[in-house]
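The values are calculated or read from the model by the stated rules, or taken from the named source; none is laboratory data. Computed from a prediction, not measured in an experiment: that's the story for all the values here. Cβ placement follows ideal geometry from the backbone for every residue including glycine, while neighbour counts extend to all protein chains displayed.
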Ligand code: ZN
């Protein structure tokens, strides 16, 4: 697997710093944090971003993320389509293959069938927007108890029902564990449907208490990363593993030092020699 740095890991650094830190640490790619992209593009053209990636010999892999895509009101839905259009247009300009999209919390009174129906409809519509720009959308389930799509098996069922080649999945090890996804649900996957693997660890807390801030560098916590990585390898997944951690304590660190530690930790967790 290639290794990426996700811009959430170095949340306080700007996009240019992320590109340089990821490059200097030997990452293959960067997942761009969307708000950093917005800040960058206020002062620079997309072509300058392209130049920056090229000069640092690193590839953009995704833009993270469009949040709460389902169960929006009509105005919110129109805003979603505009946001998707905007990010996919930029993604195409910089040669970035994926945009990450995230489901909403579960509204009262909606059952599993209702979640599948709504998610399928929204993703099908977004698929058409992204296709205009040759971009694919990576649907990331969240393990927290209030999310409408909490497990890999449900996310996979939705993406399979959409049945479009530019709609696939993200597995985030934190959400995989927090939401109680099973290793068997990885063996059910078509590896071409899995676009991104977010790799991170977590503190030893009950699943329902885990929050993003409890994430740790791979290898420092209690997540079954070896089993997850082995399951991914056994289905033939050879995409990107991206270090994505939302830990305020890490955000206070020097982003270059943190990126170096993040890459070494990811390589160790994946069993790569480097
Ligand atoms: Zn993630």
Original post:
If you check residue 185 against the conditions, is it assigned to a helix (DSSP H, G or I), within 23 Å of residue 29 (Cα to Cα) and more than 16 Å from the ligand (Cβ to nearest atom)?
Top reply: no
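Within region 160-182, work out how many residues are away from the ligand (no atom under 16 Å from the Cβ) and either modelled with pLDDT under 95 or part of a helix (DSSP H, G or I) (or both).
Counting residues in region 160-182 that are away from the ligand (no atom under 16 Å from the Cβ) and either modelled with pLDDT under 95 or part of a helix (DSSP H, G or I) (or both) gives 3.
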**OP:** Taking the residues in region 50-80 that are assigned to a loop (DSSP other than H, G, I, E, B) and within 15 Å of residue 119 (Cα to Cα) as candidates, determine which candidate is farthest from the ligand (Cβ to nearest atom).
**Re:** 73
Original post:
When the residues of region 92-135 are filtered to those that are within 16 Å of the ligand (Cβ to nearest atom) and more than 12 Å from residue 149 (Cβ to Cβ), which remaining residue is nearest to the chain's Cα centre (by Cα)?
Top reply: 100
**OP:** Report whether or not residue 258 is on the phi < 0 side of the Ramachandran plot, within 16 Å of the ligand (Cβ to nearest atom) and over 16 Å from the mean Cα position of the chain (by Cα).
**Re:** no
Original post:
Among the candidates 112, 120, which residue alone is surrounded by 14 or more Cβ atoms within 10 Å (Cβ to Cβ) and either without any contact (Cβ under 8 Å) to a residue 60 or more places away in the chain or under 14 Å from residue 155 (Cα atoms) (or both)?
Top reply: 120
Original post:
Can you tell which of 110, 116, 90 is at pLDDT 95 or above and outside any helix (DSSP H, G or I)?
Top reply: 110
**OP:** Kindly provide the set of residues from region 200-218 that are in contact with a helix residue (DSSP H, G or I) (Cβ under 8 Å, 6 or more places away or on another chain), loosely packed, with under 15 Cβ neighbours inside 10 Å and modelled with pLDDT of 95 or more, ordered by number.
**Re:** 205, 213
Original post:
Would you call residue 14 surrounded by fewer than 19 Cβ atoms within 10 Å (Cβ to Cβ) and more than 19 Å from the chain's Cα centre (by Cα)?
Top reply: no
Subject >> Residues (within 16 Å of the ligand (Cβ to nearest atom) and either part of a helix (DSSP H, G or I) or more than 18 Å from residue 32 (Cβ to Cβ) (or both)) located in region 238-250 >> reply: 247, 250
